[in-house]
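Quick notes on the structure that follows.
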């Protein structure tokens, strides 16, 4: 059984750490967002368009600044150029932030769903896209030496 767990961990290590980092990032970003909503806006269940926009910015900044160093170190174990990766990471996260903003604005003030439901809908889509963008565009693995010699 222990051997099976080791094999599965090795096979899915990156996904495992992505989920761990994701949980940490989610706790931080949602904690900051909902604390901001409580202390700054007085805890409305249906924030105004302006409040929703500000909460989205607060959520995004706290999430990205938590996620980048943890993803770099634990998920993708990157040793690439930090400034280039950081810029790519922030650009990719800006695109998913735009999706988050669209969802929270349309489903929240636009349709009238509460802030918790719109946040949940957005989170599912954003998490999936963030992984894809990080894997494909930000923390690209270079081909191994043996692969380069065969080409």
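Data overview
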{"quantity": "Calculated FRET value between residue 84 and residue 8, using beta carbons and R₀ = 30 Å, to 0.05", "calculated": "0.35"}
{"quantity": "Residue list for the range 91-120, given a label point 7 angstrom along the Cα-to-Cβ vector of residue 45 and an amide N cut-off under 20 Å", "calculated": "104-120"}
{"quantity": "Most mobile of 126, 49, 40 in a GNM of the chain (Cα contacts under 10 Å)", "calculated": "40"}
{"quantity": "Residue order, fewest to most beta carbons within 10 Å, for 11, 135", "calculated": "11, 135"}
{"quantity": "Extension reserve of the residue 23-residue 53 stretch, reckoned as 0.36 nm per residue once the Cα distance is removed", "calculated": "8.5 nm"}
{"quantity": "Between 0 and 90°, nearest 10: helix 115-133 axis offset from the chain longest Cα axis", "calculated": "20 degrees"}
{"quantity": "Ranked list, fewest to most other Cβ atoms within 10 Å of each Cβ, for 43, 79", "calculated": "79, 43"}
{"quantity": "Least to most buried among 116, 18 (fewest other Cβ within 10 Å first)", "calculated": "116, 18"}
{"quantity": "With Cα atoms, 0 to 90° folded angle of helix 49-70 axis to the chain main axis", "calculated": "20 degrees"}
{"quantity": "Candidates 26, 50, 66, ranked by Gaussian network fluctuation over the chain, Cα under 10 Å, top entry", "calculated": "50"}
{"quantity": "Highest-MSF residue in the chain out of 95, 56, 134 [GNM, Cα springs under 10 Å]", "calculated": "95"}
{"quantity": "Degrees separating the helix 82-105 axis from the principal Cα axis of the chain, which is the longest one", "calculated": "40 degrees"}
{"quantity": "Ellipticity estimate at 222 nm from DSSP helix runs (n ≥ 4, -39,500 (n - 2.57)) divided over the chain, nearest 500", "calculated": "-25500 deg cm²/dmol"}
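Readers should treat all values here as calculations from the given coordinates under stated rules, not as data from a laboratory. Being a predicted model, the structure only gives us computed values, none of them experimental. All Cβ positions, glycine included, derive from the backbone under ideal geometry; neighbour counts span all protein chains shown.
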